[in-house]
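The structure appears right after this line, and notes come after that.
The values are calculated or read from the model by the stated rules, or taken from the named source; none is laboratory data. Just so it is clear, the structure is predicted and the values come from calculations on it, not from any experiment. Using ideal geometry, Cβ is built from the backbone for each residue, glycine included, and neighbour counts are taken over all protein chains shown. Only protein heavy atoms, including side chains, enter the accessible area calculation; ligands, DNA and RNA are left aside. Shrake-Rupley method; radii C 1.70, N 1.55, O 1.52, S 1.80 Å.
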Amino acid sequence: MERRPEPELMLAEEQARAYAEADFEEPHNRFVELFQETFPDQDAQGYVLDLGCGPADVSLRFARAYPGCIVHGVDASKTMLNFGNQAIRKQQLEDRVQLFQSYLPTKSLPLDKYDAVMSNSLLHHLRDPQVLWETIKQFAGGAAPVFVMDLMRPTSETQAKELTQTYAEGEPEILKRDFYNSLLAAYRPGEIESHLEKARLAHFSVRVISDRHLIVHGRSGDAQRPLSSALCARA
Ligand SMILES: C[S@@+](CC[C@H](N)C(=O)[O-])C[C@H]1O[C@@H](n2cnc3c(N)ncnc32)[C@H](O)[C@@H]1O
């Protein structure tokens, strides 16, 4: 099945609210657990960049799992960031999770280099997937862990409908519609592998982890660079 792009940004209040209020406990906890399994020696201290952070649910879960880190979440949607800032205040993590409005690609973020870069469910929104990989190359510090999770496009519309029924059945219509559209907009593992090759990140691994999710992970910089678990301390 051909990829069917969806709008990049989630700007509408109703759409952002439905997303912010949805229960993503299972996949978002899984995101953090998979990061921990992928980089077991990594005590994530220092600055972590969350690309396309939306309402910051993953940023917050990550910050709670790694008390030594500060997360900078970036998203172009002010509406999403407003929901994110409410959640940050509620959890009293203002000093450790900070959000910035920025449309990717960008030449500047609050820091030039980050100690780790992560992203959940941004890739399928991007018309040009190189935006994600080039941003990672630009902002991930030497040998920084990079961890991306996203949806995987099913092989047919029928399968997309079945997945929507299985995983979004009790959700509001708008969320069901977004989930279905996101499945159709997602990339296939082989497509991502070619994007990584083009970005000269062929040393990154792509792994299917469920009937609808895949992860991409690796270290920034040269594949031959020795792995270092030492992250910069907080500035
Ligand atoms: C499906 S949401 C994921 C939010 C969050 N990462 C999560 O897992 O809950 C995708 C987010 O990416 C943002 N986004 C899409 N394209 C973007 C771009 N080019 N620059 C910045 N943000 C973008 C959207 O506004 C939206 O908030």
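Mean separation of Cα pairs under 8 Å and 6 or more residues apart, divided by the residue count, gives the range 13-218 a relative contact order of 18 percent.
In terms of its Cα atoms, the chain spans 46, 40, 31 Å along the principal axes, sorted from long to short. Lys-Lys pairs in the range 13-218 that are eight or more residues apart or on separate chains and whose Cα atoms lie under 29 Å of each other come to 13.
Each DSSP beta bridge with both residues in the chain is either parallel or antiparallel, and the antiparallel ones are about 35%.
Express in nm, to one decimal, how much length is gained between Q130 and A199 on full extension, taking 0.36 nm for each residue of separation and deducting their alpha carbon distance.
Gain in length upon complete extension: 24.1 nm.
Sorted on the mean count of surrounding Cβ atoms within 10 Å across their residues, most packed first, peptides 53-63, 139-149 read 53-63, 139-149.
For Q92 and Q138, compute 0.36 nm times the residue count separating them, minus their Cα-Cα distance, and round to one decimal in nm.
So the extension gain works out to 13.5 nm.
Rolling a 1.4 Å probe across the protein heavy atoms gives the range 13-218 an accessible surface of 43 Å² per residue. In the chain the longest region clear of GluC sites (Glu not before Pro) that are loop-assigned by DSSP and have at most 11 other C-beta atoms within 10 Å covers 3-93. Loop only per DSSP, at most 15 neighbouring Cβ atoms within 10 Å: give me the chymotrypsin sites (Phe, Trp or Tyr not before Pro) in the range 73-110, ordered by residue number. Loop-located and lightly packed - Y103.
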